[in-house]
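A.B. asks: This is the structure I want to talk about, given as structure tokens.
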Amino acid sequence: QVQLVESGGGLVQAGGSLRLSCAASGSIFSINAMGWYRQAPGKQRELVATITSGGSTNYGDSVKGRFTISRDNAKNMVYLQMNSLKPEDTAVYYCNANFEVPLQYDYWGQGTQVTVSS
């Protein structure tokens, strides 16, 4: 009922920047929050950033000061601006949409690969 499509991943040198985009479609009228998570090989999926319907943001400690999440409600889009990238940022980045009504539920995109070379 909800589809999320990420774009903008790729290969970048350490210190460089990328902007990820996530387009949401479907039954999104009751969305609570959107966000970005990432998963590196052999690691748990971890929080990168979230933004609520009220505009409140939250960031994982490892990306604070370097990444910025934003939204464009008119376009049903969420973005992740990534600056000062490090090799440790290499992962598959997943877009997330969280719903609280009628039930708590999370939708996920297919992921986009970000590779940061040293």
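The values are calculated or read from the model by the stated rules, or taken from the named source; none is laboratory data. Computed from a prediction, not measured in an experiment: that's the story for all the values here. For neighbour counting, all protein chains shown are included, and Cβ atoms are generated from backbone atoms with ideal geometry for every residue, glycine included. Just the protein is used for accessible areas: all its heavy atoms, side chains included, with ligands, DNA and RNA removed. Shrake-Rupley method; radii C 1.70, N 1.55, O 1.52, S 1.80 Å.
A.B. asks: Within the stretch 42-53, can one find any residue that is open to solvent by less than 60 Å² (accessible area, probe 1.4 Å) and more than 14 Å from the chain's Cα centre (by Cα)?
C.D. replies: In the first step, residues of the stretch 42-53 are kept if they are open to solvent by less than 60 Å² (accessible area, probe 1.4 Å); the result is 47-52.
Retained after the next criterion (residues that are more than 14 Å from the chain's Cα centre (by Cα)): none.
Checking the stretch 42-53: not a single residue is open to solvent by less than 60 Å² (accessible area, probe 1.4 Å) and more than 14 Å from the chain's Cα centre (by Cα).
A.B. asks: Follow-up question, since we're still on this one. Does GLY35 qualify as being surrounded by 20 or more Cβ atoms within 10 Å (Cβ to Cβ) and touching a residue at least 12 places away in the same chain (Cβ under 8 Å)?
C.D. replies: Yes.
A.B. asks: Only one of (1) open to solvent by less than 70 Å² (accessible area, probe 1.4 Å); (2) touching a residue at least 12 places away in the same chain (Cβ under 8 Å); (3) more than 12 Å from the chain's Cα centre (by Cα) is not met by LEU20, so which one is it?
C.D. replies: So LEU20 meets the others, but not (3).
A.B. asks: Starting from residues that are of a type in the set (Asp, Glu) and closer than 22 Å to LYS43 by Cα, keep the ones in the stretch 62-103 and report whichever is most open to solvent (accessible area, probe 1.4 Å).
C.D. replies: Residues of the stretch 62-103 that are of a type in the set (Asp, Glu), as a first pass: 72, 88-89, 100.
Next, from what is left, pick out any that are closer than 22 Å to LYS43 by Cα: 88-89.
On the way: GLU88: 131, ASP89: 2 Å².
Restricting to residues being of a type in the set (Asp, Glu) and closer than 22 Å to LYS43 by Cα, the top hit is GLU88.
A.B. asks: Then there is this: Against the definition (touching a strand residue (DSSP E or B) at 6+ places or on another chain (Cβ under 9 Å), modelled with pLDDT under 95, of a type outside the set (Asp, Glu) and open to solvent by 20 Å² or more (accessible area, probe 1.4 Å)), how does SER7 come out, yes or no? Spell out the reasoning first.
C.D. replies: Numbers: touching a strand residue (DSSP E or B) at 6+ places or on another chain (Cβ under 9 Å): yes; modelled with pLDDT under 95: no; of a type outside the set (Asp, Glu): yes; open to solvent by 20 Å² or more (accessible area, probe 1.4 Å): yes.
Considered against the rule, which asks whether it is touching a strand residue (DSSP E or B) at 6+ places or on another chain (Cβ under 9 Å), modelled with pLDDT under 95, of a type outside the set (Asp, Glu) and open to solvent by 20 Å² or more (accessible area, probe 1.4 Å), SER7 comes out as no.
A.B. asks: Tell me which residues, restricted to the stretch 23-32, are exposed (fewer than 11 other Cβ atoms within 10 Å of the Cβ) and within 8 Å of ALA97 (Cβ to Cβ).
C.D. replies: Correct list: empty.
A.B. asks: Keeping to the stretch 58-89, report how many residues are in a loop (DSSP other than H, G, I, E, B) and at pLDDT 95 or above. Let's see the steps before the verdict.
C.D. replies: Within the stretch 58-89, the subset in a loop (DSSP other than H, G, I, E, B) is 60-66, 76, 83-86.
Then drop every residue that is not at pLDDT 95 or above, which leaves 60-66, 83-86.
Summing the residues that are in a loop (DSSP other than H, G, I, E, B) and at pLDDT 95 or above in the stretch 58-89 gives 11.
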